[in-house]
Structure formats: C-alpha cells, structure tokens
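Let me begin by presenting the structure, written as structure tokens, before commenting on it.
The values are calculated or read from the model by the stated rules, or taken from the named source; none is laboratory data. Note that the coordinates shown come from a computational prediction; the quantities given were computed from them, not determined experimentally. Glycine also receives a Cβ, built like all others from the backbone with ideal geometry; neighbour counts cover every protein chain displayed. Ligands, DNA and RNA are excluded from the accessible area calculation, which covers all protein heavy atoms including side chains. Shrake-Rupley method; radii C 1.70, N 1.55, O 1.52, S 1.80 Å.
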Amino acid sequence: MKVNDVLKRNDGIDTEKKKLALMQVLSLSSVGVSLHLDNNLSFYNYIKYLFIVKRLVKGVPIQYISHKAYFYNRWFRVNKHTLIPRVETEYLVNDAKMIIDKYFSSSVKILDIGTGSGVIAITLAESSDKYFVTATDISRKALKVAKSNDNKSLVKFVHTDLYSSIDDKFDVVISNPPYIRNDSLLVSPEVLKYEPHFALYGGDDGLLFYRRIFSDIKRIVNDRNIICFETGEEQNDLIEEIALGYFPNAKIIKKNDLNGFNRYIFIINE
C-alpha cells in the first residue's frame with residue numbers, strides 16, 4: 001500500500017494525525033512524508049501504523065505512543081515525565097539564537113531552566129560551538145530523558161529547583177516555564193490526561209515561575225545578559241512589568257508566534 005493510500009483511508013482520525021503517525025513510523029519530517037507519497041509502506045510499518053492509530057483514536061498523544069517527538073529538524077525521546085515539545089518553542093530557540101549572536105560575538109554561557117526533554121538546551125548546544133549550555137530540572141525522570149537526547153554530551157544537566165543550587169554566572173538565561181493559569185478551561189482533555197501537570201500550571205495567574213525566576217536571577221547572571229522566555233498569550237506585558245522591576249534599564253523585545261500572538265519576550269541588559 002502506498003503512503004498516499006494510507007492517508008486516504010478512513011481510520012477514524014483526521015489526515016493530520018495520520019500524517020503524524022506516518023512521520024513516527026517512517027522517522028520522517030512532515031515534508032519528508034509529503035515527498036514519499038508514492039512510496040510503498042512495508043507490511044511491518046503498516047502494522048506499526050495501525051497500532052499507533054488504534055491508540056490515537058483513544059486520545060493518546062502520538063508522541064507518547066512512539067516515545068519520540070520532532071523538534072528543530074531532529075527526533076527527541078519523550079515520555080510521560082516530559083512535556084511534548086511544540087513547534088512554538090522552535091521559534092523561541094530561533095529568535096534567541098539571532099538575538100544572542102547579535103549581542104555576543106565570542107563564547108556564551110547559557111542556562112536553560114526547566115529543561116524537560118532537553119530540546120531547548122540541546123538544540124542550542126548543537127547549533128554553535130560558542131554556546132556552552134547548562135540545563136536544570138526539578139524532575140530526575142525528566143533529566144534522565146534529557147540526558148538520553150544529548151547524543152554528543154554537550155550539555156551539563158543539573159537536578160535542582162529552577163536554579164537554586166546553581167552558583168555559576170551566565171550570559172543568557174532561557175526558559176519555557178509552566179504558564180497556564182490553574183483555573184484555565186482552555187487545556188485540551190488530551191493534554192490534561194497525559195502530560196505532566198507540574199510542567200503545565202503556573203499558579204493562579206500563570207506567572208508564578210516567572211516571578212520565582214526573577215526573584216534571585218541577579219545572582220546567576222553577568223552584568224551584560226539576556227533573559228529569554230516563552231509565555232502564554234497576553235502575558236508579555238505583565239512579564240515586562242516584572243522584569244523592569246529587577247532591571248529598570250533593560251531593553252525589551254517581544255515577538256509573536258505564527259498565529260500572531262505575543263508569545264516570546266527577551267530582556268536585554270547591556
């Protein structure tokens with residue numbers, strides 16, 4: 001059976017999920033699947049595809065079925081102890097790289113707070129020889145996954161709450177912390193049922209972890225520094241207010257995601 005014929009089957013899920021299933025089975029990107037529509041799917045891979053579809057129909061996220069997720073042009077291991085990486089976070093990494101390279105011409109020490117599966121830290125470390133990356137997480141099980149993703153052993157992983165046991169100084173701090181309000185009704189049932197809640201919820205207003213990160217951040221950053229965050233929709237103005245309380249002279253850059261929502265904020269201290 002050709003890949004295109006599989007996509008046309010009535011398997012109880014939409015075409016996008018079928019494509020995701022094929023991405024996992026064939027270890028291809030979305031573009032890669034589109035380029036292989038006329039290729040035959042082996043019997044073995046078709047059975048794997050049907051197994052994934054059966055669980056997808058029940059609402060299990062595909063990344064937790066195959067234990068892998070595609071992020072920034074490579075596959076990462078994930079499991080129930082880590083959030084599923086989102087494409088939005090690729091834009092945090094991409095924008096952060098551009099801003100970092102604009103302000104730092106030589107080696108850069110970077111701290112990724114709450115690394116989860118390690119996608120931010122590892123992607124940055126692999127992208128430039130001048131990036132020296134440390135990553136933290138409070139979950140030992142998440143750190144085990146992150147370490148398994150660090151194929152080149154480029155990142156230093158530290159088990160700690162945010163950065164409480166860190167005593168080094170960094171040029172850049174980057175984080176995609178939990179930012180969903182505790183009372184939010186916008187979280188999909190699939191996410192609620194399967195993804196780790198400690199990595200989702202950020203207190204009554206969603207800003208708990210941003211406040212905690214800022215509370216002692218001057219201890220771990222050099223005078224010249226950049227702080228990079230992914231945020232929830234409509235949170236950037238509030239985070240800017242918090243940031244300016246600690247760094248009154250900071251330059252603030254806000255960027256939108258693909259849907260036009262203000263989702264990234266960069267606090268630059270020169």
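Summary table
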{"read-out": "Inter-probe distance in nm under a simple model that places probes 7 Å from Cα toward Cβ, at Glu233 and Asp168", "value": "3.8 nm"}
{"read-out": "For the chain: accessible area per residue (Å², 1.4 Å)", "value": "50 Å²"}
{"read-out": "With all protein chains modelled, accessible area of His197 [1.4 Å, Å²]", "value": "90 Å²"}
{"read-out": "Trypsin sites (Lys or Arg not before Pro) within region 28-63, DSSP loop, no more than 11 other Cβ atoms inside 10 Å", "value": "Lys58"}
{"read-out": "Residue-averaged 222 nm ellipticity for the chain, from DSSP H runs of 4+ at -39500 (n - 2.57), nearest 500", "value": "-11000 deg cm²/dmol"}
{"read-out": "Lys, Arg +1 and Asp, Glu -1 on Cβ, resulting dipole of region 182-270 about Cα centre, debye, nearest 20", "value": "420 debye"}
{"read-out": "Dipole of the chain [Lys/Arg +1, Asp/Glu -1 at C-beta], most positive-end residue of Val191, Val155, Phe76", "value": "Phe76"}
{"read-out": "Computed accessible area, Tyr179, all protein chains, 1.4 angstrom probe, square angstrom", "value": "50 Å²"}
{"read-out": "Accessible-area value, Ser128, 1.4 Å probe, nucleic acids and ligands omitted, Å²", "value": "30 Å²"}
{"read-out": "Span from the region 215-230 Cα centroid across to the region 14-58 one, whole angstrom", "value": "42 Å"}
{"read-out": "Per-q log10 I(q)/I(0), the chain, q = 0.10 Å⁻¹ (Debye; single scatterer per alpha-carbon; no solvent)", "value": "-0.55"}
{"read-out": "Difference of contour (0.36 nm per residue) and Cα-Cα distance, Ser153 to Asp223", "value": "22.3 nm"}
{"read-out": "Angstrom value of the Kirkwood radius, inverse mean 1/r, which spans all Cα pairs in region 1-117", "value": "16.1 Å"}
{"read-out": "Region 91-108 and region 164-192: distance between their alpha carbon centers, rounded to Å", "value": "21 Å"}
{"read-out": "Unit Cα scatterers, Debye sum, region 58-189: log10 I(q)/I(0) for q = 0.17 Å⁻¹", "value": "-0.91"}
{"read-out": "Apportionment of accessible area to carbon and sulfur, the chain, percent (1.4 Å)", "value": "51 percent"}
